[in-house]
Amino acid sequence: MAEFEAERRMPAEAEQVFAIVGDLDRLSEWMPTPIGVRQTGDGEVHADVDSRDVHADGLVGVRPEQLRLEWGSEDSPDYAGWLQVEHAEPGHSSVVMHLSFLGDQPEARRHGSAAGEVRQWLDDALAQLERVVAGTS
């Protein structure tokens, strides 16, 4: 089992940031390049990670009252994640993104190239989200 987490300060109020992340049609705007995610239905998404030969359907719970997204794979209980937008000083917020790999997969090891890739993807996603947020504020 391995857990990965990254946090980044955002240049907008928490509600503005959540309006972007909570809109599943906008996932492709801030997901890192190797990961393709698209909404396929109400709370349903399809993800492609070509570098890892992963093509999976998943469910995303959008919880506006908590400023939180939670997701997991329909194909495997071995993967889950969440994103939490938190209030900060006026005009800013913070986003925490967390991934859990529970099964026997390369990412489930804390070290190695797969783990390094996951950490980089988290950082890239939050950096891209910051750019999107800055462009809309």
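FYI, it's all coordinate maths here, none of it is from the lab. These figures come from a predicted structure and were not determined experimentally. Note that we place each Cβ from the backbone using ideal geometry, even for glycine, and neighbour counts take in every protein chain shown.
Mean residue ellipticity at 222 nm from the helices of the chain, using -39,500 (n - 2.57) per DSSP H segment of n ≥ 4 over the full residue count, to the nearest 500 deg cm²/dmol?
Here the helix-only value at 222 nm equals -8000 deg cm²/dmol.
Among S93, S28, rank each residue by its count of other Cβ atoms within 10 Å, from fewest to most, as a rough exposure measure.
S28, S93
Angle check, please: helix 113-136 long axis (alpha carbons) against the longest principal axis of the chain (alpha carbons), in degrees 0 to 90, nearest 10.
Around 20 degrees separate the two axes.
When the expected Rg is taken as 2.2 N^0.38 Å, what fraction or multiple of it is the alpha-carbon Rg of the range 1-122?
In units of the 2.2 N^0.38 Å rule of thumb, it is 1.05.
Please check the chain for the longest run free of trypsin sites (Lys or Arg not before Pro) that are loop-located per DSSP (anything but H, G, I, E, B) and have at most 16 other Cβ atoms within 10 Å.
Maximal segment without exposed cleavage sites: 1-108.
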